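*Asks:* Have a look at this one before I ask anything.
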Amino acid sequence: MSFYDVSMEIISREIKNRDNLQKVIKKIETASKNGKKIAFYPSGVYSRVMLKEIRQYAPELLSKVLGCFDRSSEATMEGDVNVYELAELNKLKDKIGLLVVTSNTFHAKEMRHIQELTSYKGRVLNTSRFDITFPEKNDKEIIADIKKVYDLLADQKSKMAYLITWLSRLLNDEDLTYIFESEDTRDVDVSNPILKYKNYMIEGLDDVCKQELNAELYEMKYVKSLPGDVVFDVGAYKGDTAVYFADRVGKKGKVYSFEPVKANYNTLVKNIKRNKLEDIIVPINKGCAPKTGSLKIVSSNSGAPWSFVSENKGIENVEMIALDDFIRSNKIDKLDFIKMDVEGFEESALLGAQETIKQFRPKLAICLYHLSSDILRIPFMIHKLADYKLYVRCQMEGPYGINLYGIKK
């Protein structure tokens, strides 16, 4: 049997056996019959999804919810759900009959936090957002779509990276992703609040974003930004990718950096000025969406790389713009590259850029790791919009940095 055959056999089995949100709720209901409280860790987007589902379909469970734990003192939750710092789990552990670990990616990281930072030894239910973000199709259709995307990819390396991506998330095995680990010998000092990248100094980045910048995720053999390019940097965070692209395109290029979260945007502007890149980088305090308007966003007061858009809940109102509208209103007549990393909002942002992609056929680097549906729907979307060669690459371990790259044929 070939690697493809073995992989598809495992992928097909795991898709049929995976938990959906309703199955997870049933498990919580069963575990809650011991009379003790239910708690969640961490208080991210998946915990919010879980609690919303409980409110709608199992409201009797709400009285048993103690609250959410999180490592950040800035963590929040909607409604009357209490939020505790993770260290407080030690004081409250005897009240808890089930700790639901709502991982956005792999369980291992959250379990390490619990084991290293607390003395909790009680029952744990591990669940991943990977499992509940599949397209609304039956299992046979999902498996057929995986095979179709595999066939769309332009080289064998992409096909192998694509299969490993599916295997790692369906088995929830982060170790499989270490095949992507960069062997670049440059060290990243994650303890220093200001990162030195080449001749640039960038403040405010979290540890993962420092590692991503070091891995140079948006450069691969066939798809890269070049001197003189015009780049749309969608999901600029605090300026790491803006500086990266500015370095690549040089003084004859231009980088439009879109960042909706005000705290992130303010640091983005500081990093642009710190590095004297005002003539190259244009910061835009807006997110990208299917249509221009406003939404709410969930973030921390100091800004965060995990900030995500919510239709009606969040700590901040943010302005959103369709890239098609931005192109028209700013009379932009050249676009060479779109990079997009927007915490699971990629498909929505692409819906607002369809005419832009058809008109300019820019090089693309679109993040695929947030939602399982993205690994299927985004390649199909790009394939239908224009005649692209499509590649999948990842240059660092973990769930981060898995991108779909596209270049016109």
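*Asks:* Residue check, Val282 against (1) at pLDDT 95 or above; (2) out of contact with any Ser or Thr (no Cβ under 6 Å at 6 or more places or on another chain); (3) outside any strand (DSSP E or B), all met but one. Which one?
*Replies:* With (1) at pLDDT 95 or above; (2) out of contact with any Ser or Thr (no Cβ under 6 Å at 6 or more places or on another chain); (3) outside any strand (DSSP E or B) applied to Val282, the lone miss is (3).
*Asks:* Note down all Cβ pairs under 7 Å where the first residue falls in segment 41-65 and is closer than 15 Å to Gln22 by Cβ and in the same structural domain as Leu92 (by TED's automatic domain parsing), the second is among the acidic types (Asp, Glu) and surrounded by 15 or more Cβ atoms within 10 Å (Cβ to Cβ), and they're at least six residues apart or on different chains.
*Replies:* Every condition considered, the pairs that remain are Ala58/Glu29; Leu61/Glu29.
*Asks:* If a residue counts only when it is more than 24 Å from Cys209 (Cα to Cα) and touching a strand residue (DSSP E or B) at 6+ places or on another chain (Cβ under 8 Å), which strands (runs of 3 or more DSSP E) contained entirely in segment 314-400 have at least 1 such residues? Break it down into steps so the answer makes sense when it comes.
*Replies:* Values: elements: 316-321, 337-340, 363-367, 388-393.
Hits in segment 314-400: 316-321, 388-393.
Condition check ((1) assigned to a strand (DSSP E or B); (2) among the acidic types (Asp, Glu)) across all residues:
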site: Ser12; (1), (2): no, no
site: Lys16; (1), (2): no, no
site: Asp19; (1), (2): no, yes
site: Ile25; (1), (2): no, no
site: Ile38; (1), (2): yes, no
site: Ser43; (1), (2): no, no
site: Leu51; (1), (2): no, no
site: Leu62; (1), (2): no, no
site: Ala75; (1), (2): no, no
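*Asks:* Go through segment 267-281 and give me each residue that's crowded, with 16+ Cβ neighbours inside 10 Å and either more than 16 Å from Ile194 (Cα to Cα) or free of Cβ contacts under 8 Å to residues at least 12 places away in the same chain (or both).
*Replies:* Answer for segment 267-281, where residues must be crowded, with 16+ Cβ neighbours inside 10 Å and either more than 16 Å from Ile194 (Cα to Cα) or free of Cβ contacts under 8 Å to residues at least 12 places away in the same chain (or both): Leu277, Ile280, Ile281.
*Asks:* Could you please find all residues in segment 332-348 being among the charged types (D, E, K, R), touching a residue at least 60 places away in the same chain (Cβ under 8 Å) and either surrounded by 18 or more Cβ atoms within 10 Å (Cβ to Cβ) or touching a Gly at 6+ places or on another chain (Cβ under 7 Å) (or both)? Give the steps one after another, and end with the answer.
*Replies:* Pass one, segment 332-348, residues among the charged types (D, E, K, R): 333-334, 336, 339, 341, 343, 346-347.
Subsequent filtering for residues that are touching a residue at least 60 places away in the same chain (Cβ under 8 Å) retains 334, 336, 339, 341, 343.
Selection gives Asp336, Lys339, Asp341, Glu343.
*Asks:* Any idea which residue in segment 1-44 is nearest to Ile164 (Cα to Cα), counting only those that are hydroxyl-bearing (Ser, Thr, Tyr) and more than 27 Å from the chain's Cα centre (by Cα)?
*Replies:* Going residue by residue through segment 1-44, those that are hydroxyl-bearing (Ser, Thr, Tyr) are 2, 4, 7, 12, 30, 32, 41, 43.
Now drop any that are not more than 27 Å from the chain's Cα centre (by Cα), which leaves 2, 30, 32.
Numbers: Ser2: 14, Thr30: 34, Ser32: 36 Å.
So, considering only residues that are hydroxyl-bearing (Ser, Thr, Tyr) and more than 27 Å from the chain's Cα centre (by Cα), the one nearest to Ile164 (Cα to Cα) is Ser2.
The values are calculated or read from the model by the stated rules, or taken from the named source; none is laboratory data. Everything numeric in this text was worked out from a predicted model, so none of it was measured. FYI the Cβ positions are ideal-geometry reconstructions off the backbone, even for glycines, and counts take in every protein chain you see.
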